[in-house]
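Novice: Structure incoming, see below.
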């Protein structure tokens, strides 16, 4: 008779993952870690191939005929078209500098989220099919066969990358791993392996002007709702205009600022600022979206959605475009728009009608960021601000990946915050500015069915936030991206519920002294303020006065 | 309790082993990374696990109550509840301490030791039950957030559909009730 095992022996269950080559570990499709597949009618609308009903949880993904050839031809075409892609496939020496820099790796511990290995998912096919050594030595040269399993793995991991580019900051060769993900996603689109949360907004935007597919009257009605809210908080009725031909400036912001919590408070801030300055600015109900989900789809789609803003600017006859607190809109404008077309000659180099500052750096894009615009106003002492109204907030600033790493936009938002709020605290140095951690849900991953993965990806950001919340009692994290505002709101509810998420122009709206305003007993969220109603507002805040008409 | 004294003396070894066993539940290169990367913001997972385990060990050795143990437990469980683990894998680290305690008690034997070990194991079992509660509350939270996100999307749209025009009957009440200014229910 066998001896009865001792408790210690029974306890010896080995949970250590098996030592397998990464190529032999299939991806897991646990609920919460993948996004719903693109709906057939949406694919049809966008003219994308292989529209059908399917789910990543299915065994059969309904691959189209000849899919392998389509993928290989797709790679070949992109290698010829994009020199960068070709280089990125060849020059990685696997030094590992990027390996531990990805927020998805840090939050999941899954080695396939090391950027070098995520790129290797595609590189291994490139090697096997497009290099001589790979053709001869196959697996010994790091190559592998293109199979349905490989495609499933691509789908899993190219949609566990938010294209935030943090890894690329550390690459000694300058490989932009985000662009490898972009190529990976483009290739997946060729055979119809895509997610609805990205495609439906892209289709809506193309058809109706914004991600949610809100029609013009509803868009206008929503903003008028915010007009009422502003009147309730400040006693001032602002008067936004819509589709007004001949306006000097067209204002374009993410549609989330119009519809989503807590981004609508930022929208209230913009509207108050425009009214206070009596700015000749108009909203468009057609170019009613700054966000560009084309960036997450293909370079062609990205171009289509970006061009729409300029087409509307031309139609209205404005001089230049002012852009709101958006993430990837700015990445497209700064990194890719110049490769799409020659620019819009009908528009002019932006000049602030208030300070006279000419924004020379925007002479190609004809578009400036609202934080640049406001920072310039403050620098030139054009705003009366009462930062005490933001005293209930102990603020930190989350650098959104796209403005930070896509356009080097670090100082302007901080300058604005420091002038509108008295309590500002930075998160640790290796988690901000160019090293900022992603919210965990950029590039169209901010959907509810992906919640578990979002919590993993956002964990490094949450961890740094928790640190400043503990050290400085930070209770508000301001940010300048609509996806951030939406997704960080969910993130903090899981990791650190005492912190709220807000926008920089929400803080501006709170602090702004407007002529004819009421006692301002509440902030824009309707929360009571400690400021004495009888207190007279201080003189204009802000640093030393800059020379008017100087260049930004 | 003598065993507590021995474990206190060997705390660093116990902690290192416990940490290593938790780190080893991650695949590939990850255990090495979790162990070696010192900067807490460059290695938030490794830092949280180490901090959490240390807090738990100190608590167990000093006879801390549930309230004192809970935050340390949460540091680890909250992470593992959203990672690629089954529920049992997510909370197993608590039981792993039993094996370590048995091996690290200093080679003594006898009835007194058996009683002490039994008492320590009862404490660890108690901790395991707390871990189960903690895990479930994290998962429930996750789904609450998901539902709230969906409801928010709908309510912002509904708010526009049902808004009475300014001055119309009910407009003031509507505005006051408007959930825009309400504190989050899920908070």
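No lab work stands behind these numbers, since they all come straight from the coordinates. What you see is a predicted model, and the numbers here were worked out from it, not measured in a lab. Reconstructed Cβ throughout: ideal geometry from the backbone, glycine too, with neighbour counts over all protein chains shown.
Novice: Rounded if a/c is under 1.5, else prolate if a/b is larger than b/c, else oblate: which is the protein assembly as shown, with a ≥ b ≥ c the root eigenvalues of its Cα gyration tensor?
Specialist: The shape class here is oblate.
Novice: Compute the separation of the alpha-carbon centres of the stretch A:492-515 and the stretch B:2-34 and state it in Å as a whole number.
Specialist: Their Cα centres are 41 Å away from one another.
Novice: Specify the inter-centroid distance of the stretch A:360-374 and the stretch A:72-144, based on alpha-carbon positions, in whole Å.
Specialist: Each part's Cα centre sits 36 Å from the other's.
Novice: Sort A:467, A:459, B:26 so that the residue with the fewest other Cβ atoms within 10 Å of its own Cβ comes first and the one with the most comes last.
Specialist: In order of increasing Cβ crowding within 10 Å: A:467, B:26, A:459.
Novice: What whole number of Å gives the distance from the Cα centroid of the stretch B:40-112 to the Cα centroid of the stretch A:450-487?
Specialist: 25
Novice: Counting other beta carbons within 10 Å of each residue's own, what order do A:316, A:377 fall into, fewest first?
Specialist: With the fewest neighbours first, A:316, A:377 line up as A:316, A:377.
Novice: What percent does the relative contact order of the stretch B:2-138 come to when contacts are Cα pairs within less than 8 Å and at least six residues apart?
Specialist: With pairs under 8 Å counted, the relative contact order is 30 percent.
Novice: Kindly put A:298, A:241 in sequence by how many other C-beta atoms sit within 10 Å of each C-beta, fewest to most.
Specialist: If I rank by nearby Cβ atoms, fewest first, I get A:241, A:298.
Novice: Which angle from 0 to 90°, rounded to the nearest 10, does the C-alpha axis of helix A:370-379 make with the longest principal axis of chain A?
Specialist: 40
Novice: If you take every DSSP beta bridge fully contained in chain A, what fraction is antiparallel? Give it as a percent rounded to 5.
Specialist: Just about 15 percent of them are antiparallel.
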